[in-house]
Every structure is written in C-alpha cells, then in structure tokens.
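Data first, discussion second: the structure below is written as structure tokens.
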Amino acid sequence: MTLSLLFQHIVNALSLGSLYALIAIGYTMVYGILRLINFAHGDVFMLGAYVAFYMMTLLSLPWWVALLVAIVFTAFFGIGLERVAYRPLRDSPRISIMISAIAASFLLESLAVLIFGGRPKGVPVPDVLSRVIHFGSVSMIVISLIIPLFTFALLAVLLWIVNKTKTGMAMRAVSTDIEAARLMAVDVNKVVSFTFGIGSLLAAFGGIMWSFKYPQLNPLMGVMPGLKCFIAAVIGGIGSISGAVLGGFLLGIIEIMTVAFLPTLSGYRDAFAFILLIVVLLVKPTGLLGKRQAEKV
Amino acid sequence: MLKIQSLSVHYGGIHALQGIDLTVPEGKIVTLIGANGAGKSTTLRSIVGLVKPTSGKVLLHDAVISGKATQDIVQMGLVLVPEGRRIFSNLTVEENLLLGAYARSDKKGVLKDLSHVYDLFPRLKERRMQKGGTLSGGEQQMLAVGRGLMSRPKLLMMDEPSLGLAPLIAKMIFEIITQINAEGTTVLLVEQNAKAALEVADYGYVLETGRITLQGKGRDLLMDDRVRKAYLGEAQ
Ligand SMILES: Nc1ncnc2c1ncn2[C@@H]1O[C@H](COP(=O)(O)OP(=O)(O)OP(=O)(O)O)[C@@H](O)[C@H]1O
Ligand SMILES: [Mg+2]
C-alpha cells in the first residue's frame with residue numbers, strides 16, 4: 001500500500017468516525033439525562049437528510065441554507081418527539097418508555113415510506129463538496145475533509161456548553177440526580193428539551209453530511225448507523241460524551257481500516273461494531289470511559 | 001408564613017401523613033421530630049412539591065402552593081436541604097454551590113454569598129475544585145447546607161442536617177442554623193437529634209406515624225415527660 005493510499009484511508013476513517021460520533025452523542029446525552037435509549041434517534045438522522053434534500057430540490061435553496069434549515073427543523077422535531085412520545089411516560093415504568101421509543105422509531109420509518117416514498121433518492125451533492133483536491137500524490141473529496149473539521153468544531157462548542165455554561169451545569173446536575181436538580185429550581189423539562197434539541201441537531205448534521213458522502217436516501221437509512229452509533233455509545237461508556245466520541249471514532253476507524261487492509265472481510269463490515277462491543281463489554285462492562293452508576297429509582 | 005392544613009399523603013396503600021396541621025411563623029425556627037418512618041421527610045417533600053398530597057393544602061403567606069411545580073416553589077424561596085445530602089457527585093464543590101443559586105440572577109450577590117459560605121465552611125473552600133463525590137460524608141453535609149444557603153432562602157427546610165456528623169461539626173451546624181435565623185431566615189428543621197433541635201427551636205411538633213401528637217414551645221417540649229421518654233432516651 002502506498003503512503004498516499006494510506007492517507008486517504010485515514011481521512012475516510014476520520015470522516016466516518018466523525019459521523020458516528022455525531023450520532024452517538026445524541027444517544028449518550030439522552031441516556032445520561034433520562035436513562036432512556038432513544039431508539040428513534042437513527043430515524044431523526046434520516047429525517048434531517050430528507051429535509052435537506054427537499055429544501056435543495058423542491059425549494060432549490062443553496063445547500064448551506066438547506067443544511068441550516070434542516071438542522072433547525074430536526075432539532076425542533078426532536079424536542080417535539082420527546083414531548084409527545086416520552087414526557088407523558090416519564091414517571092411510568094422504564095419498560096413503557098422503551099416500548100414507546102421503539103414504536104416511535106417504527107412510526108417514523110413508516111411515515112417516511114409513506115411521505116418520502118420507499119424508492120431510494122439520489123442526492124444532488126453540491127459541487128464544492130464533491131470536488132476532488134490534490135495534495136501532491138494524495139487526492140481527496142472535499143466532503144471527506146469537511147466532515148471531520150466541522151465535527152471537531154461542533155464538539156468544541158458542545159463541550160463548552162456542557163462544561164462551562166449554566167445550562168450545561170444544569171444538564172450535568174439533572175443527569176446525576178433529577179430530584180435534587182429540581183430542588184435547585186432547575187426546570188427539568190427545559191433541560192430535557194434542550195438535550196433532545198442538541199442531540200437531534202447533531203444527528204441532522206450527521207445525516208446531511210452522510211447523504212453528501214454516500215449520496216442516496218432511503219427511509220431505512222438511519223437504522224444501521226443508528227444501531228452502530230448506539231453501540232459506539234455503549235462501547236465508550238453510555239452517558240459519557242467523550243466516551244461516545246471515542247466509540248464513534250473507534251468504530252469508524254476499525255471499519256474503514258479492516259476493509260482497507262483485509263478486503264476479504266469487507267462483507268462483514270457491519271459485524272465489526274458488534275464484535276468490538278462484545279470484546280469491550282467483556283473486558284470493561286461500563287464501557288471504555290463509563291463510570292459505574294447506580295440505577296436511578 | 002407557611003401553613004399546612006390537614007395534609008394527607010398516600011404511598012400506594014400506605015397512609016404516610018394522616019391530616020397534619022402545622023404552622024411556621026416568619027422569622028422563627030420550627031422543628032419537627034419523630035421516630036423513623038413517622039412521616040417527617042414526607043412532610044418536607046410535600047411542601048416543596050416532590051410528593052403530591054392526596055388532600056389538604058400548603059399555604060405560603062395565605063396563597064396555596066400545593067400543586068405547583070417544585071422549581072416554582074423553590075423560586076419562591078422555599079428551599080429544602082434534602083435527607084441524605086444529595087450532592088451532585090460528578091460536579092465540583094463550587095459547581096454544587098453555584099447550582100444552589102441557579103434561580104438567582106444577581107451575579108454579585110451570588111459571589112458574595114459564595115465567599116460567605118466559604119467563610120462558614122473553610123473546608124469547602126480548600127476543596128472547591130474537587131468533585132462533590134470525593135468529599136467525606138461530613139464534608140458533603142456541609143456542602144448540602146452551603147448549597148441550601150446559596151439560594152438565599154426565605155424558608156430553609158433541613159432534613160436531618162446533623163446526621164452522620166461528628167459531634168463538633170453537628171454542633172457547628174446547629175450554630176449556623178441559629179445564625180442564619182438571626183439574619184432573618186425562617187427555618188423548618190427535621191431532626192433525629194431531638195434535644196439539639198428543641199434547644200434551638202422556638203416551636204416544636206412531634207410526629208407519630210403520620211399524626212401530630214404533641215406540639216409546643218421548644219423549651220416546654222424539652223421538659224415534657226413523654227418527649228423525654230420517647231425521644232431524648234431518658235428513663236422515667
Ligand atoms: N416512596 C415511597 N414509597 C412507599 N412508601 C414510602 C415512600 N417514602 C416513604 N414511605 C413510607 O412513608 C412513611 C413515612 O416516611 P418518611 O420518609 O416521611 O419518614 P421519616 O419520618 O422521614 O423517617 P426517617 O426518620 O427514617 O427519615 C414510612 O412508613 C415510609 O416507609
Ligand atoms: Mg426522613
């Protein structure tokens with residue numbers, strides 16, 4: 001393998017890892033706050049991509065306007081989803097809210113088939129993003145470079161919000177002890193909405209970038225990435241944001257590198273996530289960066 | 001200031017509070033004592049809306065507050081230092097204290113109160129950047145009390161603040177209670193340590209399996225034979 005090829009694989013791995021990380025964060029943040037696995041998160045990712053698609057095709061908006069509109073729309077959609085499907089069940093047994101999450105996921109997929117149609121749609125990738133650039137002998141598509149760059153910027157903002165702002169402090173408080181947070185006059189509903197908003201925003205961004213990199217949409221496109229990113233979050237230690245990022249990148253890198261170096265195994269690429277999950281959980285049941293946490297009562 | 005009228009609370013089939021009446025006058029220290037499981041914590045938790053009463057009312061300055069959301073009640077100045085400390089273990093000591101002031105927007109006042117709390121508990125100042133979960137039990141209790149003070153409460157409710165503390169620290173907590181009361185904060189105190197509580201309290205209530213069986217001035221209750229026997233551990 002030549003050096004330039006290796007470099008290309010690295011960029012690809014980073015860009016896939018970025019997308020995984022963006023989605024995994026949504027799982028981990030929601031879990032951290034509500035101890036809920038938001039099974040519909042992968043479908044939110046799909047929705048973001050479709051909304052951007054229609055903004056570009058039906059409304060002929062410039063791609064970056066479409067991106068912004070779709071992200072904002074999806075963020076509010078995520079907030080609405082929590083209101084409708086999860087909030088009424090917050091004090092019910094955990095199993096009810098899990099079932100509601102699974103139902104929400106199926107509902108969104110079915111609605112997507114109904115509204116968007118089941119046939120895959122080709123995404124008009126903006127020219128600036130599909131251009132190939134050359135560094136000496138290395139050539140790369142712009143989108144593969146842009147994805148990690150934007151992801152790092154978004155992660156920096158996210159970490160700043162969570163660790164340095166008052167809202168972030170409230171989020172961390174709610175995730176440790178909801179009731180004690182209430183006693184501090186924290187409006188838990190607002191914090192939960194904010195969390196769903198951020199998670200959905202990141203998923204939408206990931207979905208749109210995904211659709212620019214692998215330019216095809218279908219209503220079930222969120223299922224596999226959703227599942228893998230949930231696994232990434234568990235591998236990293238669910239509830240931990242840096243864990244989700246680590247898990248996402250790990251998964252992306254392993255997936256790309258295995259396909260690159262052991263092409264005979266490429267048919268099994270979707271299985272790597274599960275193998276890694278099993279290995280990590282056997283060695284460290286709380287995930288790589290997870291801490292043991294008492295079950296909330 | 002605060003009035004509780006025939007308050008009843010059920011947990012499933014358990015009738016934890018069976019219609020209690022209780023008054024906390026402005027500027028006073030009132031204590032609620034009773035055996036384990038009597039319903040003391042339940043009383044405090046219903047005042048701040050963490051528990052929904054089945055019947056009865058809680059009034060603040062003659063306005064009904066039962067049924068309101070906890071964060072709104074806390075914002076009115078009714079602050080509970082909960083049983084078992086409930087420190088945010090993954091937040092730093094200072095963040096814990098700042099969360100106590102979450103509802104306040106007067107930044108200057110918050111910083112002033114922060115240094116006031118650090119004066120009261122120098123130990124917390126030494127540990128301000130440490131995670132709350134790494135503190136010792138007693139230090140966590142100081143943090144819980146300090147966090148309660150950070151909200152500038154009008155009525156500070158404390159659920160067994162001296163639990164698990166070394167006698168010297170416990171004494172200090174009671175001194176702080178009288179001090180903040182002298183500074184104008186009304187206090188509703190729940191304690192296992194009935195003697196210490198009745199000594200600082202203006203008025204006391206005795207709760208037995210969900211009913212108030214005795215009440216009176218702190219000093220009078222200290223002298224009362226039934227109280228001495230049941231709660232002060234004295235032989236007749
Ligand atoms: N969440 C709950 N579910 C069911 N029963 C409860 C619950 N909380 C309290 N109880 C019951 O209600 C009664 C009163 O409890 P409460 O916690 O108010 O007692 P307490 O006076 O604070 O006791 P302690 O001194 O041990 O703290 C007890 O019998 C307790 O078992
Ligand atoms: Mg109690």
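Show A:Val113, B:Val93, A:Val84 ordered by accessible area, largest first, where the area counts protein heavy atoms only and the probe is 1.4 Å.
A:Val84, A:Val113, B:Val93
What Kirkwood hydrodynamic radius, in Å, does chain A give when the mean of 1/r is taken over all pairs of distinct Cα atoms and then inverted?
Numbers: mean 1/r = 0.0510 Å⁻¹.
So the Kirkwood estimate lands at 19.6 Å.
Give the aspartates and glutamates reachable from B:Lys3 as a straight Cα distance under 12 Å; neighbours fewer than 8 places away on the same chain don't count.
Filter leaves B:Asp21, B:Glu26, B:Asp62.
How about A:Lys121: which lysines have a C-alpha closer than 21 Å to its C-alpha, ignoring those fewer than 8 places off in the same chain?
Output for A:Lys121: A:Lys213.
For chain A, set up a GNM with springs between Cα atoms under 10 Å and report which of A:Met221, A:Met55, A:Met169 has the largest fluctuation.
In the Gaussian network model the winner is A:Met169.
For a label point 7 Å from the Cα of A:Arg131 along Cα→C-beta, name the residues of segment A:202-231 whose backbone N is under 18 Å from it.
A:212-213
What relative contact order, as a whole-number percentage, does chain A give when Cα pairs under 8 Å and 6 or more residues apart are counted?
Values: 465 pairs, mean separation 106.5, N = 297.
Result for chain A is 36 percent.
Return the whole-Å distance between the Cα centroid of segment A:175-209 and the Cα centroid of segment A:94-135.
22 Å
Helix B:107-120 sits at what angle to the longest principal axis of chain B, using alpha carbons and giving 0 to 90 degrees rounded to 10?
70 degrees
With heavy atoms of protein chains only and a 1.4 Å probe, what residues of segment A:157-176 have at least 10 Å² less accessible area in the full set of chains than alone?
At a threshold of 10 Å² (probe 1.4 Å), the residues of segment A:157-176 that become less exposed are A:Lys166, A:Met169, A:Ala170, A:Arg172, A:Ala173, A:Thr176.
Restricted to Cα positions, what overall size does chain B have along the principal axes? Three whole-Å values, descending.
Answer, in whole Å and largest first: 47, 41, 33 Å.
Determine the alpha carbon to alpha carbon distance for each of A:Lys190/A:Lys291; B:Lys28/B:Lys217; A:Lys164/B:Lys107; A:Lys190/B:Lys57 and list only those over 18 Å.
A:Lys190/A:Lys291; A:Lys190/B:Lys57
Mind running the shape call on the protein assembly as shown? Use the C-alpha gyration tensor, a ≥ b ≥ c as the square roots of the eigenvalues: rounded below 1.5 for a/c, prolate if a/b tops b/c, oblate otherwise. Don't skip to the answer; put the middle values down first.
Details: a/c = 2.73, a/b = 2.34, b/c = 1.17.
Verdict is prolate for the protein assembly as shown.
Can you give me the % of accessible surface on segment A:3-283 that is carbon or sulfur? Probe 1.4 Å, all protein chains present, nothing else counted. Don't skip to the end; give the middle numbers.
Numbers: 8660 of 11740 Å².
Using a 1.4 Å probe with all protein chains present, segment A:3-283 comes out at 74 percent carbon and sulfur.
Could you state the number of Å between the C-alpha centres of segment B:63-107 and segment B:167-236?
24 Å
Can you bin segment A:8-78 into rounded, prolate or oblate? Criterion: square roots of the alpha carbon gyration tensor eigenvalues sorted a ≥ b ≥ c, rounded for a/c under 1.5, prolate for a/b above b/c, oblate for the rest. Please report the intermediate quantities before stating the final value.
Numbers: a/c = 2.80, a/b = 1.23, b/c = 2.28.
Oblate.
Where does each of A:Tyr27, A:Tyr214 land when they are ordered by accessible area, with a 1.4 Å probe and the largest first?
Numbers: A:Tyr27 10, A:Tyr214 85 Å².
Correct descending sequence by accessible area is A:Tyr214, A:Tyr27.
With every protein chain in place, what's the accessible area of B:His10 (1.4 Å probe, Å², nearest 10)?
About 80 Å², rounded to the nearest 10.
Just from its helices, what would the mean residue ellipticity at 222 nm be for chain A, if runs of 4 or more DSSP H residues each count -39500 (n - 2.57) and the sum is divided by every residue, rounded to the nearest 500 deg cm²/dmol?
Values: 12 runs with 208 residues, N = 297.
After summing the helix terms and dividing by residue count, I get -23500 deg cm²/dmol.
Using 7 Å Cα-to-Cβ label points, what is the A:Leu282/A:Phe261 separation (nm, one decimal)?
2.0 nm
Rounded to the nearest whole Å², what accessible area per residue is found for segment A:3-283 with the 1.4 Å probe? Can you show the working numbers first?
Values: 11740 Å² over 281 residues.
About 42 Å² of surface per residue is accessible.
I'd like the accessible area for A:Ile79, computed on protein heavy atoms only with a 1.4 Å probe and all protein chains in place. Round to 10 Å², please.
Counting only protein heavy atoms, A:Ile79 exposes about 40 Å² to solvent.
Cα centroid distance between segment B:1-51 and segment A:3-30, in Å?
55 Å
Leaving ligands, DNA and RNA out of it, rank A:Glu109, B:Glu183 by accessible area with a 1.4 Å probe, largest first. It would help to have the intermediate numbers written out before the result.
Numbers: A:Glu109 25, B:Glu183 115 Å².
In descending accessible area the options line up as B:Glu183, A:Glu109.
Normalised by the residues of chain B, what does the relative contact order come to in percent, with Cα pairs under 8 Å and at least six apart?
On the way: 450 pairs, mean separation 62.8, N = 236.
Dividing the mean separation by the residue count of chain B yields 27 percent.
Over segment B:177-222, what portion of Cα pair distances is larger than 13 Å, expressed as a whole percent?
Values: 592 of 1035 pairs.
Here the long-distance tail beyond 13 Å is 57 percent of all Cα pairs in segment B:177-222.
The values are calculated or read from the model by the stated rules, or taken from the named source; none is laboratory data. Bear in mind the structure is a predicted one, so any value in this text is a computation, not a measurement. So basically every Cβ, Gly included, is an ideal-geometry build from the backbone, and we count neighbours across all protein chains shown. These accessible areas exclude ligands, DNA and RNA; they are computed on the full protein's heavy atoms, side chains included. Shrake-Rupley method; radii C 1.70, N 1.55, O 1.52, S 1.80 Å.
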